[in-house]
1. Based solely on its DSSP helices, what 222 nm [θ] is calculated for the chain when runs of n ≥ 4 H residues each add -39,500 (n - 2.57) and the sum is averaged over all residues, nearest 500 deg cm²/dmol?
2. In this model, which of Lys41/Lys85; Lys47/Lys85; Lys53/Lys112; Lys62/Lys112; Lys47/Lys124 are farther than 25 Å apart at the alpha-carbon?
3. Please grab the % of Cα pairs in the chain that end up more than 25 Å from each other.
4. Work out from phi, with θ = phi - 60° and the Karplus expression 6.51 cos²θ - 1.76 cosθ + 1.60, the ³J(HN,Hα) of each residue of segment 46-57, listed in order in whole Hz, and give x for Gly and Pro.
5. Report the calculated FRET efficiency for Glu55 and Leu13 (r = Cβ-Cβ distance, R0 = 35 Å), to the nearest 0.05.
Amino acid sequence: IIRYLFVIIIISLSISAYIRFAQVHPLNNIPVSNSNQLSSKGFVFIKAYTGSKDELYEEITKVALGTPRTLLLSNDPLQFITRSKFLGFPDITAIDIQDGNLIIYATSVFGKLDFGVNRARALKWVSIVKNSLPVDSIIDW
């Protein structure tokens, strides 16, 4: 029985190491939708945006990189990777402006269940950025 327990521990540690050190690549495409939604693929946030793309990218980059365990993954479209505290599960948050709409897509790299953390993170970033943008850069709620 000790041998089986040892094998289970080794397998568990191997899976944990794979998740923690997995190389994550930027998303090739960001889903486009007509409304905010939770889907089996992640959380999609879409709102009208009339401001400067560069200004938005600059502000959201400051906010995102101020989030613990978050790194820049790609510049255009803007993508960040945030890892969970305990096991280091990677999540990707992609930000783009298309046809006058701000699109944020937040998704888990492994699995489907994220307990709402991607949605919460995306909405928190938008809330902080909305308050720091100039008046003419409107995010229509």
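Here, each number is a calculation from the coordinates, and none is a lab measurement. Computed from a prediction, not measured in an experiment: that's the story for all the values here. Reconstructed Cβ throughout: ideal geometry from the backbone, glycine too, with neighbour counts over all protein chains shown.
1. On the way: 3 runs with 49 residues, N = 141.
Using -39500 (n - 2.57) per qualifying helix, the result is -11500 deg cm²/dmol.
2. Lys47/Lys85; Lys53/Lys112; Lys62/Lys112
3. 31
4. Working through the residues one at a time gives 9, 9, 5, 9, 10, x, 7, 4, 5, 4, 4, 4 Hz.
5. According to the calculation, E is roughly 0.20.
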